[in-house]
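These notes concern the structure reproduced below.
Values quoted throughout were computed directly from the atomic coordinates according to the rules given, and no laboratory measurement underlies them. Keep in mind that what you see is a predicted model, and the values were worked out from it rather than measured. All Cβ positions, glycine included, derive from the backbone under ideal geometry; neighbour counts span all protein chains shown.
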Amino acid sequence: MQRRILIIALLLSIPVPALAADEEPSPKDHPGYFPLEEIGILDEEQLTLEVNLHAPMLKLVAAATRKADPDFSQLVEGLRSVRVRIASLEGLDPVRVRSDVTRAGRWLRERGWQTIVRTRDGGEQIHIYLREIDGDIVGLTILAVEDGGEATAINIAGPIDLTRLGSLARKLDIPLLEEAVPKKPTESEKEP
Amino acid sequence: MPPLDCQQVLEHLEAYVDGDLDETRAAAVAAHLEGCAECHADRSLAEDVRRELRALPALDAPPAVLREVFRQVGEERFRPPPFRARRPAWTALARSAVAASVLAAVVAGGGIFLSLDRATVEPAGPDLAQADPEEVARATEEARLAFAYVAKVSRQAGLEVREDLGESLAAASTSGLTRALLFLPQPAPARPEDGEPERDRS
Amino acid sequence: MVSGFEAAVEDHQRRIYTFARYYLGNQEEADDITQEVLLRLWRNRNELDDEYLGAWLLRVTRNACYDLLRRRRSAAKVFSAESEDEVAETEPARQPGPQDRAEASSFRGHLRDALEELGEPYRSVIILREIQGLKYQEISDALEMPLTSVRVNLHRGRKKLRERLREVYDHAAA
């Protein structure tokens, strides 16, 4: 199965935060930060999509969208980082995949993250974690894994306004997603 | 069924030897074998192969192997496996990209955040006017994409994406899993992991 | 609980080791694979369903063996120009021992050599069915292969063995 590789401007979005990071606190120190790149199954080689946005660029995004989309702008405004990794799991041992997901969950829980959702439906697992400090949500981590399909990991660090996130999610351009990602091929027939 | 030739018979020999052929075909093969010495020899060989394979013994793992397994297991019980520590490969790449962009920014007379001799903290507010509009547009698209994925996965997890998704998540986080069930349309049985409390179904 | 794990090891070690040994034709490698698989069993013990444990273990074993063959093959490539044949069709790597020498010129010896030259999925299916006596359904579960394919691959695999042995004997007779 060929997937269109959509590696989004990794180099372009990094330079600003990487240097500014000398003066700004490292995004990794933020309590809502989760190192997606350390999950084995999200190895560089298997990535089909990557987003790495950090505070300085996010502030620019917020500024740029302030008039046209104030809700989006406000949601993004205070965020420290927005990161996504999507990787193909084709050919990977599902046991290893499950093991990586379990370890990620353990890592998060050891650091005070709470599990909000953990579902398993057939070959698909979805885990959603929140990091909360003094009543504020400062981190959101999502791991979604489909046996033999792909793994999606999202980490958003920074003060997250969940209500705004919710209303945004509701009206978000899902077509945007469908354009960006190739249609999933039909499931191969299951064996009797 | 017309009589089979040697090639056809050889194709079916293993199935024949296993008794997996239908009656008609089995009879046709048998008929050929009766009259063909070559194929008859092959049939003996096929039977020998099967018999010899089945005679091969099962083998036990050497005790030393099992001892080593238990030894390591004993150690690991008290030391959970560490997260795989890896430096993100892009860091090195990014630094060189930074250097290049610093130069470019200065040369272009832009240099919002950057100067040659030291990293400057960004000014109090980002200077949108001086930022590369293409970069910002791309980043905006990426940010939207990220949130679109959040929405997509939330839906897949059975979370209804409503105005109060945020409220529901917030409620779930502060008051435990019980209230999380308020917005899950069906119960989602999840396997408990080490130390993870079982979902409260009350 | 370690005792639960010990029981699982007791129940499954023979199946794992037997498969690895005949697949790789090499005791040291079979030892390594067996150890690796059992340690993975330990690390994944909370995630695994008892019902599917057997199938899982076989699958993991087989994949580990296959990977090892692939690495062995890549190493061999460095030293010789080989054609792009299927990975599993490699030179057999058996260490000769006294029993082996006696076997070597025997039918059994030639058969084992031929087995180690056999590609996938035939090698796995033959070992599981003919040597280890698994039922078709068990093989189907372990290899995630449709039932009908199990039978077909079994026959094809044995046919290849037969043809190879025929070659060997014809050559010897010549």
Where GluC sites (Glu not before Pro) fall in DSSP loop in the range A:83-155, at most 13 other Cβ within 10 Å: A:GLU90
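Of C:THR148, A:THR65, B:THR24, how do they rank once you tally other Cβ atoms within 10 Å and put the fewest first?
Going from sparsest to densest Cβ surroundings: B:THR24, C:THR148, A:THR65.
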Distant-in-sequence amide H partners of A:THR48 (H built 1.01 Å from N, under 5 Å): A:ILE86, A:ALA87, A:SER88
Estimated distance in nm for a label pair at C:GLU167 and C:PHE107, the labels positioned 7 Å out from Cα along Cα-to-Cβ: 2.1 nm
Test item: A:45-58 mean partner chain Cβ contacts at 10 Å: 3
Estimated distance in nm for a label pair at A:ARG120 and A:LYS67, the labels positioned 7 Å out from Cα along Cα-to-Cβ: 5.2 nm
Cut-off under 5 Å, modelled amide H: who pairs with B:LEU59 long-range: C:THR18
B:ARG54 paired with A:ASP136, simple spin-label distance in nm, labels 7 Å along Cα-to-beta-carbon: 7.4 nm
Distant-in-sequence amide H partners of A:ILE137 (H built 1.01 Å from N, under 5 Å): A:ILE160
